[in-house]
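Chemist: Have a look at this one.
The values are calculated or read from the model by the stated rules, or taken from the named source; none is laboratory data. All of these numbers come straight from a predicted model, not from anything done at the bench. Cβ placement follows ideal geometry from the backbone for every residue including glycine, while neighbour counts extend to all protein chains displayed. Just so you know, the surface numbers come from the protein's heavy atoms only, side chains and all, with ligands and any DNA or RNA stripped out. Shrake-Rupley method; radii C 1.70, N 1.55, O 1.52, S 1.80 Å.
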Amino acid sequence: MSGTFVGMPAFPKAAHEAVGDRTLRANLRHATHTIRAKRAVAVAELEDWAELREAGKRIKDHTLRHLDRYLVQLEESVTAAGGTVHWAADAEEANRIVARLVKETGESEVVKVKSMATQEIGLNEALEAEGIRAYETDLAELIVQLGEDRPSHILVPAIHRNRGEIRDIFRREMGAWGRAAPEGLTDTPAELAEAARLHLREKFLRAKVGVSGANFMVAETGTLVVVESEGNGRMCLTLPETLISVVGIEKIVPTWRDLEVFLQTLPRSSTAERMNPYTSTWTGTTDGDGPRTFHLVLLDNGRTDTLADEVGRQALRCIRCSACLNVCPVYERAGGHAYGSVYPGPIGAILSPQLRGTQSEIDASLPYASSLCGACYEVCPVAIDIPEVLVHLRERVVEGGPVVREGNRVVLKPAKGHAAERAAMRAARWAFARPGALRTGQRLASRTRRLHPRTLPGPGKAWSGSRDLPAVPAEPFRDWWQRTNGGKDGAK
């Protein structure tokens, strides 16, 4: 995976700065509360939601277990339909393939459908380095691009901006990228949308090359699927002469029928809609209908390494609905930029450290960017147990151990800054394995409880600075149990 956002500190420092931004917190609070309330209503309409959720989980797990077979089947199906398949082991290779394909057309600009995979690999920057300009056409992505900003949400990349800020960006930047914003532009949603529509229309009609991702790929037929709410994706997928789709290898499903499950759960979990307004599907090329040339770039970029982790691989089930972000109390207060990745929120806290590894300071901190409240698991439409993976990755950070990186099994060293945590856990393991020592320690703690400090010293200050230390009981449970004959004597 490409590196973190340039200059990003570890999550605790970035989050500390973010929570001091009152405008940011107000924007996030309003947006996330609105989206999750609407989602709850949409989900409640389906009596079989739990069954759909389980079906989505099983389809994804089955596909991941047999990913090698389905990827070969997909390649055969796409090729038979007139498309060309390219395999990219990492971000650098994927960017090189796309840049070469664009250059072969003789064009120097492309229009883009919103795509997490292309953000992940830094495609826009790579194309710019090759003299190719990429235009984002999703409204939120357009706002981010014009504002020289970074996305902060999977579904709504500009969620950290309010209408006034968007108006100012449009007035200031649109003219440098194409058609300028209308005179007297206000911050009403209708006027902002119309300004974006006029700005993008000329790009849709002029562009010869389109770049997209895909929500799903069907191995059985070689069909790709993009779901969206604005129609910009439909324009990018049908008007250009050449279409290049960069898609993570985990986005595959075995059969066309499998889409039935996800086309019900994805829109409800993401936009709280019963069905996406635009669901575009294409299979290869067809004379006189859509692009004449289609290229599919299958992206690994750490995914097979993640697949090798029996606990962490469930993160690859993700269908990018963003429901976990909208219920997360940490994301609501810190925002997406603090995660230092295009994948923010709870899913980013488990996906980014697996795709990129936990060697960097920010990736080592991401598994701790959670209260472990479990709200993310409750809303996930494919039942990813995010808290389980977070704890699993925390263990990896603290203890190190064997992992797979770039297809090779390596042994990670424990991350710096966790020596006290490791010592505490080892001491606890030693004590719990020795009943006599544990009993003596409990009695000593009870008899000296009046002397206990209210906050922990040294490294423990960070923990007790925001929590009350639990009070030690006057008598250990073991002693109480023996004294009262297991509570039968009725004594307290």
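Chemist: Which members of the stretch 291-342 meet the condition of being over 30 Å from R161 (Cα atoms) and of a type in the set (K, R)?
Modeler: R292, R303, R313
Chemist: Could you list, in sequence order, the residues of the stretch 338-349 that are in a loop (DSSP other than H, G, I, E, B) and at pLDDT 95 or above?
Modeler: If we filter the stretch 338-349 for residues that are in a loop (DSSP other than H, G, I, E, B), which is where we start, we get 340-344.
Across the stretch 338-349, the qualifying residues are Y343, P344.
Chemist: So, one more: Scan the stretch 135-159 residue by residue and report those that are open to solvent by less than 50 Å² (accessible area, probe 1.4 Å) and over 23 Å from G233 (Cβ atoms).
Modeler: none
Residue-by-condition table, conditions (1) surrounded by 14 or more Cβ atoms within 10 Å (Cβ to Cβ); (2) more than 30 Å from T285 (Cβ to Cβ); (3) in contact with a helix residue (DSSP H, G or I) (Cβ under 6 Å, 6 or more places away or on another chain):
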site	(1), (2), (3)
A15	yes, yes, yes
A18	yes, yes, yes
N27	yes, yes, no
K38	yes, yes, no
A42	yes, yes, yes
L46	yes, yes, no
I59	yes, no, yes
E93	yes, no, no
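Chemist: Right, next: Looking only at the stretch 106-125, which residues are of a type outside the set (D, E, K, R) and either over 16 Å from G210 (Cα atoms) or within 18 Å of the chain's Cα centre (by Cα) (or both)? Reasoning before the result, please.
Modeler: Looking only at the stretch 106-125, we keep the residues that are of a type outside the set (D, E, K, R), and these are 106, 108, 110-111, 113, 115-119, 121-124.
Those that are of a type outside the set (D, E, K, R) and either over 16 Å from G210 (Cα atoms) or within 18 Å of the chain's Cα centre (by Cα) (or both): V113, S115, M116, A117, T118, Q119, I121, G122, L123.
Chemist: Taking L52, is it at pLDDT 95 or above, open to solvent by less than 30 Å² (accessible area, probe 1.4 Å) and in contact with a Ser or Thr (Cβ under 9 Å, 6 or more places away or on another chain)?
Modeler: Numbers: at pLDDT 95 or above: yes; open to solvent by less than 30 Å² (accessible area, probe 1.4 Å): yes; in contact with a Ser or Thr (Cβ under 9 Å, 6 or more places away or on another chain): yes.
Here the answer is yes, as L52 does meet what is asked.
Chemist: Return the only residue of S370, S365, S352 being assigned to a helix (DSSP H, G or I), touching a Leu at 6+ places or on another chain (Cβ under 8 Å) and of a type in the set (S, T, N, Q).
Modeler: S352
Chemist: If you take the residues of the stretch 189-205 that are among the aliphatic types (A, V, I, L, M) and buried (at least 19 other Cβ atoms within 10 Å of the Cβ), which of them is nearest to E104 (Cα to Cα)?
Modeler: So in the stretch 189-205, the residues among the aliphatic types (A, V, I, L, M) come out as 190, 192-193, 195-196, 198, 200, 205.
Then keep just the ones that are buried (at least 19 other Cβ atoms within 10 Å of the Cβ); that gives 192, 195-196, 200.
On the way: L192: 36, A195: 33, A196: 30, L200: 24 Å.
Of everything passing the filter in the stretch 189-205, L200 is nearest to E104 (Cα to Cα).
Chemist: Also, I was wondering about something else. Would you be able to say whether some residue in the stretch 239-254 is open to solvent by 20 Å² or more (accessible area, probe 1.4 Å) and within 28 Å of P387 (Cβ to Cβ)? I'd like the intermediate steps shown before the answer.
Modeler: Applying the first criterion (open to solvent by 20 Å² or more (accessible area, probe 1.4 Å)) to the stretch 239-254 yields 239, 241, 251.
From what's left, within 28 Å of P387 (Cβ to Cβ): 251.
Yes: the stretch 239-254 contains one or more residues that are open to solvent by 20 Å² or more (accessible area, probe 1.4 Å) and within 28 Å of P387 (Cβ to Cβ).
Chemist: Only residues that are open to solvent by 40 Å² or more (accessible area, probe 1.4 Å) and either assigned to a helix (DSSP H, G or I) or within 21 Å of R100 (Cα to Cα) (or both): list them for the stretch 255-271, please.
Modeler: We begin by selecting, within the stretch 255-271, every residue open to solvent by 40 Å² or more (accessible area, probe 1.4 Å); these are 255-257, 260, 263-264, 271.
Correct list: W256, R257, E260, L263, Q264.
Chemist: If you take the residues in the stretch 352-374 that are hydroxyl-bearing (S, T, Y) and within 22 Å of G248 (Cβ to Cβ), which one is least open to solvent (accessible area, probe 1.4 Å)?
Modeler: If we take residues in the stretch 352-374 being hydroxyl-bearing (S, T, Y) and within 22 Å of G248 (Cβ to Cβ), then S352 is least open to solvent (accessible area, probe 1.4 Å).
Chemist: Suppose we filter the stretch 453-476 for residues that are free of Cβ contacts under 8 Å to residues at least 24 places away in the same chain and open to solvent by 90 Å² or more (accessible area, probe 1.4 Å); how many remain?
Modeler: Of the residues in the stretch 453-476, 9 are free of Cβ contacts under 8 Å to residues at least 24 places away in the same chain and open to solvent by 90 Å² or more (accessible area, probe 1.4 Å).
Chemist: Which condition breaks for K208 when tested against (1) crowded, with 18+ Cβ neighbours inside 10 Å; (2) closer than 30 Å to S77 by Cα?
Modeler: Evaluating K208 over (1) crowded, with 18+ Cβ neighbours inside 10 Å; (2) closer than 30 Å to S77 by Cα leaves (1) as the failure.
Listed here are the residues, each with its yes/no results for (1) closer than 28 Å to E395 by Cβ; (2) part of a helix (DSSP H, G or I).
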site: A427; (1), (2): yes, yes
site: R450; (1), (2): no, yes
site: L456; (1), (2): yes, no
site: A462; (1), (2): yes, yes
site: K488; (1), (2): no, no
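Chemist: For the stretch 120-134: of the residues being surrounded by fewer than 22 Cβ atoms within 10 Å (Cβ to Cβ) and touching a residue at least 24 places away in the same chain (Cβ under 8 Å), which is nearest to L192 (Cα to Cα)?
Modeler: Here the answer is A134.
Chemist: How about the stretch 413-429: which of its residues are open to solvent by 50 Å² or more (accessible area, probe 1.4 Å) and at pLDDT 85 or above?
Modeler: Of everything in the stretch 413-429, those that are open to solvent by 50 Å² or more (accessible area, probe 1.4 Å) and at pLDDT 85 or above turn out to be K413, R426, A427, R429.
Each row is one residue, and each column tells you yes or no for (1) touching a His at 6+ places or on another chain (Cβ under 7 Å); (2) open to solvent by less than 90 Å² (accessible area, probe 1.4 Å); (3) at pLDDT below 90; (4) not polar (S, T, N, Q).
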{"position": "C376", "(1), (2), (3), (4)": "no, yes, no, yes"}
{"position": "V379", "(1), (2), (3), (4)": "no, yes, no, yes"}
{"position": "V382", "(1), (2), (3), (4)": "no, yes, no, yes"}
{"position": "V411", "(1), (2), (3), (4)": "no, no, yes, yes"}
{"position": "L451", "(1), (2), (3), (4)": "no, no, yes, yes"}
{"position": "R478", "(1), (2), (3), (4)": "no, yes, yes, yes"}
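Chemist: Output the residues belonging to the stretch 228-248 that are under 21 Å from T293 (Cα atoms) and within 19 Å of the chain's Cα centre (by Cα).
Modeler: V246, V247, G248
Chemist: Continuing with the same structure: Would you confirm whether or not the stretch 68-82 contains a residue that is of a type in the set (K, R), open to solvent by 20 Å² or more (accessible area, probe 1.4 Å) and touching a strand residue (DSSP E or B) at 6+ places or on another chain (Cβ under 9 Å)?
Modeler: Step one: filter the stretch 68-82 for residues of a type in the set (K, R), giving 69.
Of the ones still in play, those that are also open to solvent by 20 Å² or more (accessible area, probe 1.4 Å) are 69.
With the extra rule that they be touching a strand residue (DSSP E or B) at 6+ places or on another chain (Cβ under 9 Å), the set shrinks to none.
No; the residues of the stretch 68-82 include none that is of a type in the set (K, R), open to solvent by 20 Å² or more (accessible area, probe 1.4 Å) and touching a strand residue (DSSP E or B) at 6+ places or on another chain (Cβ under 9 Å).
Chemist: Looking at the stretch 376-401 only, could you name the residues that are more than 14 Å from S365 (Cα to Cα), part of a helix (DSSP H, G or I) and touching a Phe, Trp or Tyr at 6+ places or on another chain (Cβ under 7 Å)?
Modeler: I386, P387
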